[in-house]
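Written below as C-alpha cells is the structure these notes are about.
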C-alpha cells in the first residue's frame, strides 16, 4: 500500500524533524523519518513495539543524537540538540517510566525538577504546588511522600512537572497505560487545554481509540520507517491498521501442531487473576503452544510470573491433569524471563554453572556433585541446543544474546519441568538463533510439556502458536485459534481495545487518607519524636535512681561527649543520605587530633595554632575528596573506598606518633569547654549546625540533591542532578564535619594519641541509625542523628549511675540498635502495604 | 590442566580454572617473599615463618567466614564479638582444667551457631541492612564476653595450647585447621548441591529466585557458616596466645574484609574465591612479619595494606580496557597531527 504523505506547511511547525536516521551497531532503528508538529495540534504517533516511536522522540528531546537528518525548532536549524537545550527551547517529554524520587514529598519533587522561576510571584509555594497537581488530577497532598503514591499518581506527577513548564512541545509517551478512566478523562481535558493555549502535543500510543478521541493528525511508523501521515478525520481504522501491520518476515517457523485424536488437554487456566491481570482463561491440548499477545506492559509478564509460581494468583491452573498451587508451580515450572540480564542468568558464572543450577540434584553421587555426570549431561543438552561458546567454562556474559537465551533454555530443559513459561524468548536474539529457539519450543511442546509464550511481536506469535490470548490493560480481550491467528487479527484486538485498567492493583486510584497526623507518622520526623520520648523517660528513670545524674558536672561531661559524637554523626548522616557510608570518619577524627597535637600546644604561638587547625581542615577535605573520587571515578563501593581510607588514616596516625604525645594547649581546651550554666557552648554550636543543616536539607536544592541521589540515582540524573558532583561534595562535607568532631575530641583526649578515634565510625553509624536515617539512602534527618547521639551517650552514661557493669553498656547498645532497625524497617514496610 | 573429553564434538570443560584474583594475590605473595628475602632476610627465617603461620591460620578462618557473607552481598561486622567470645568461652570456662575443654569447645560452637542464626534471621529473613544487624549482634556478643569474663584475661588451658599452638611435622597445628577449613569451604561451595545453589544465589539473587531457589535461606545460612568459622578462629587464637584478652577479636575485623576484597570477591556479592582469600591472608600475615623484621615503623604496615586494598579493588572495578583504549586513541590522534 502507498504511504500517504500529507502536504503540510512545515514552515510554521514548532518542531520539525527531517530525514532522521539512527542505527545501533548496524541495526537501523530509524530510517529517513520526517515528522513535524504544528502549534495547537495533537499529533499522534502510532506503531507497534520497536517501530521506532520512542527513539524518534528521544531524538526530539535531545537524549539520542541522530546519525543523519536535521532538527528545526521554531523554524531554526539546531545542529546538536542536548536535553538541556531541548528543555530551554520548551520541549517537555513525559516518559513511560516517571522520573520521580520516591523518598521525597510531592512538593520537593516539583521544586527539584522545576526551575525556581516557576514558583516566583505565585503566592505561598505549597498552595501554588497544590493548584498545579490538582490541575493534573492528582488528589494527594503536596506533603505526601511520593513513595506512598500509586503508579498512576506518579504518572500524574510526572505530567504535572511537564505541564508546569508551559512547554511549546509536549511529548506524552503512552500516558494512559497505568491510568483509570477518570484520570484518562482528566488528562485528556488537560491536554486539550494546553493545545488551546497553542502547545503542540506529540502523543505516542498503541490505541486507535485514543487517536480518534484526541488527535488531529496521526503518523504511523513501522520498522523504523515512516508508513504514513494522515488527518485523523480522513482515515479509517482499517487503513491505519494496514499501515501498522505487515512487518517483514524475519524468520521461518517450524510446522504447527496438527491435531491427533489421542491428544488430551494438558494445560488449563481457569479464570486466573493476580497483580496486573484479571480473569484469564485458556485450555491447551498436548502439542499446542499457547501464545500471550499484547503491547508490552499490559499484564503479560505478570500473568507469566503467576503461571511460573513466582507471584500469587487466584483461580485454577491445571497442568497435565493435576491442579497446582503457586509453590508447586515454582518447583515444577521452568521460567524463561524476558530480562535475561537481571532475571535470567547469573552473569558472572559460567555456561555450565548456569545451565546446571536447576538440575543439580540429578548429578549427585553420594553427597557430592559428580563432575563427570554434570559435564556429560549438561554438555549433551548444550550440544542439542547448539550453544556456541568457547567452552563450557566460559563466563555466560561473554556469549551472544541468542546463545545466552539458549543457556536459559538448557537450564529449563535440564530441570525436567512440567511446564515451560517463556517471556519474550527471542528478544535481542539474532535471526538464526530465533529459528532454533522456535524449533526447541516446538519440540518441548510435542514431547507433552505445555509451553506458554508471551511476545509483543504479533508476527512471531502468528508463526509459532496454536492458540493466542490477547491482553490489554490486564484484561484478556480476545482468544484466537487456528487460522484466525494472524498478525492483523492480533494487532487489531490489541489496538482497538478500549478496556481500561480494570485491575485493582494497576488502577489503584484510591486516595490515601492524608491527614497531618498520618503525614507526620509517615514522615522523617517520627523517629525523632520517638527518641525524644525515650530520652526523657530514660533520663527520668535514672534521675529517680540517682540524684547526682542531673548534677552540673554530669550534664556538662555528657554534653561534651555528645558534641564530639554529634558532629561526626551529622557527617555520617550526609553519607548515608546519598546511599553511601563513610567508614573512615573515626580514624579521620583520630588522625586530625594527632595532627593537631603537633601545633596546638601551650608553647606554640597563636599563629602556629591557627595554621595547625587550618591544616587539619585541609586534610579533612582532602580525605573526603579521595573518598568521593574513589567511589565515583574509581567505581569503588562506598565500603571498599572508605575502608581503604580507614586503614590508611590509621597508619598515618601511627606514623606521626607511635605513642601518645603532644599535649593539647590548655588555652585551647579552656575555649572549647566554655560553658553557659552546665551547657558547653560547643554543644550549642552543634545544635546550631544541626538546625542549619536540617534547613538546607529540607528547603534548599543542596539538600534535595543529596536526598534525590540517595533515593533513586537514575531518576535524579534525569531531573538534572549532577550525581558525581553531589556525591563527591557529600563525602567532603562528611569529612568537614568529622573535622569539627575532631576539634572537640582534642579537648577530651588532651593528647595526640594514634589509637583514639577509631571507635567513632561504628558509634556514628549507630547514632544515625537510631535517628531513623535509612541506610538505603534518601531518607533521614540531622535532628534524628543528634538525638541518636544523645541517646547513645546517655545509655553508656546510665550504667555508671545505675551501678551496672560494662556488660550492660553492650547489652543496651545491641538491643537499642536492633530494636530500632527492626522497628523502623517494619514501620516502613507496613506503610507500603497500607497505601 | 586436565580436560574432560566427551564423545560429543561440542563444548569442553576444563577441571580447573584460575581466577584473576588468585593470580593477582599469588603474584603479590611471591613478590612479597622475594622482597622479604632481599630487604629483611630475618623475616623469612624459620622462626619468623613459624611465628607468622598461626596468625595466618586465624586470619584464614576469619577471612573465609567473611567471604561467605560478602559473597551473598552482605558484610559481617560481628567478627570482633564472635572471635572474642569463642576465646573467652574456651579459656575461661575450663580455666586450666583440661577435661572441661571439650564441653567448652562445644558450647562455643553452639553459641556461634546461635549468633549466626540471629544474624541470618535479621539479614536474610527480615531483610535488615547487614551493617546494622551485625553491628547490633556484635554488641550483644561482647555483652556475653564481659558477662563471662568480666573483662579480664585468662591463661589458656594447657591442652588447648598443645593442640592449637603446637607443632606437627614442623608445621604449626593451627595451619592444619586452617587448611581443613579451606578444603571444607571449597568442597561445600563447589561440590555440593546446596553449595552450588548458594553460589548461584550470591551471583544473582533475582535470577536465583526466578529459578525457584530459596534465596533467603541461603542468604541467612551464610551468616551461620561464617560464625562457625569465626568460632574456629577464636579457639585457635586462644591456643596460640598465652593470655588472650577479652577484646582480642577487635583487630580481625578490618583484615578479614581486606583479605576478602584482595582475593577478588566483590563487596556487591557474586562469586567467592576461597583459595584466593587464603592467599591474601598469607600476604597480609607475611606483610606484618616483613614490616617487623625490616624495622620500619609498624604504621607502614597499615599504609601498605591500604595501598594493596586500593590497588586490589581498582584492578577489578576500573575499566582499564576503556582507559587504555582512550589513551591509545589520544596517542594515535597525537601522532596523526
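The values are calculated or read from the model by the stated rules, or taken from the named source; none is laboratory data. Bear in mind the structure is a predicted one, so any value in this text is a computation, not a measurement. Using ideal geometry, Cβ is built from the backbone for each residue, glycine included, and neighbour counts are taken over all protein chains shown.
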Options A:400, A:391: the member that is within 11 Å of chain B (Cβ to nearest Cβ), surrounded by fewer than 16 Cβ atoms within 10 Å (Cβ to Cβ) and either more than 30 Å from residue A:317 (Cβ to Cβ) or at pLDDT 85 or above (or both) | A:391
Among A:779, A:718, A:725, which is assigned by TED's automatic domain parsing to the domain that holds residue A:674 and without any contact (Cβ under 8 Å) to a residue 12 or more places away in the chain?
-> A:725
Could you pull out every one of the strands (runs of 3 or more DSSP E) wholly within region A:279-348 that has 1 or more residues that are within 14 Å of chain B (Cβ to nearest Cβ) and closer than 22 Å to residue A:443 by Cα?
-> A:333-336
Before we move on, is residue A:421 within 23 Å of residue A:320 (Cβ to Cβ), more than 10 Å from chain B (Cβ to nearest Cβ) and surrounded by 22 or more Cβ atoms within 10 Å (Cβ to Cβ)?
-> yes
Answer residue from region B:145-166, given it is within 9 Å of chain A (Cβ to nearest Cβ) and buried (at least 20 other Cβ atoms within 10 Å of the Cβ) and is nearest to the chain's Cα centre (by Cα) among those = B:145
Among the residues of region A:171-187, write down those that are modelled with pLDDT of 80 or more and in contact with a helix residue (DSSP H, G or I) (Cβ under 6 Å, 6 or more places away or on another chain).
-> A:171
Out of all the residues in region A:771-779, is one or more under 29 Å from residue A:543 (Cβ atoms) and surrounded by fewer than 22 Cβ atoms within 10 Å (Cβ to Cβ)?
-> no
Given the conditions (1) more than 18 Å from residue A:647 (Cα to Cα); (2) more than 11 Å from chain A (Cβ to nearest Cβ); (3) assigned to a helix (DSSP H, G or I), every one holds for residue B:242 apart from (3)
Strands (runs of 3 or more DSSP E) completely within region A:443-523 that count 3 or more residues being modelled with pLDDT of 80 or more and within 29 Å of the chain's Cα centre (by Cα) | none
Tally, over region A:762-813, of residues that are modelled with pLDDT under 85, away from every other protein chain (no Cβ under 14 Å) and outside any helix (DSSP H, G or I) = 2
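Within the group B:278, B:224, which residue is crowded, with 24+ Cβ neighbours inside 10 Å, in a helix (DSSP H, G or I), modelled with pLDDT of 90 or more and more than 11 Å from chain A (Cβ to nearest Cβ)?
Only one candidate passes the filter, namely B:278.
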Among residues belonging to region B:178-211 that are surrounded by 23 or more Cβ atoms within 10 Å (Cβ to Cβ) and not in a helix (DSSP H, G or I), point out the one that is farthest from the chain's Cα centre (by Cα).
-> B:211
Being free of Cβ contacts under 8 Å to residues at least 24 places away in the same chain, surrounded by fewer than 16 Cβ atoms within 10 Å (Cβ to Cβ) and closer than 19 Å to residue B:315 by Cβ is the filter here, so list the residues in region A:602-636 that pass it.
-> A:635
Considering every residue within region A:665-678, establish whether at least one is surrounded by fewer than 22 Cβ atoms within 10 Å (Cβ to Cβ) and more than 30 Å from residue A:607 (Cβ to Cβ).
-> yes
Region B:306-320 - residue that is in contact with a helix residue (DSSP H, G or I) (Cβ under 8 Å, 6 or more places away or on another chain) and more than 7 Å from chain A (Cβ to nearest Cβ) and, of those, modelled with the lowest pLDDT = B:316
Can you give me the number of residues within region A:34-56 that are surrounded by fewer than 23 Cβ atoms within 10 Å (Cβ to Cβ) and within 25 Å of the chain's Cα centre (by Cα)?
-> 4
Lone qualifier among A:614, A:576, A:588 - being part of a helix (DSSP H, G or I), in the same structural domain as residue A:724 (by TED's automatic domain parsing), out of contact with any helix residue (DSSP H, G or I) (no Cβ under 7 Å at 6 or more places or on another chain) and within 25 Å of residue A:729 (Cβ to Cβ) | A:614
Count, please, the residues in region A:349-376 that happen to be free of Cβ contacts under 8 Å to residues at least 12 places away in the same chain, more than 9 Å from chain B (Cβ to nearest Cβ) and either buried (at least 20 other Cβ atoms within 10 Å of the Cβ) or out of contact with any strand residue (DSSP E or B) (no Cβ under 9 Å at 6 or more places or on another chain) (or both).
-> 2
Tell me which residues, restricted to region B:281-305, are facing chain A (nearest Cβ under 9 Å) and either within 10 Å of residue B:43 (Cα to Cα) or surrounded by fewer than 22 Cβ atoms within 10 Å (Cβ to Cβ) (or both).
-> B:297, B:298, B:299, B:300, B:301, B:303, B:304
Is there a residue in region B:65-84 that is buried (at least 24 other Cβ atoms within 10 Å of the Cβ) and without any contact (Cβ under 8 Å) to a residue 24 or more places away in the chain?
-> no
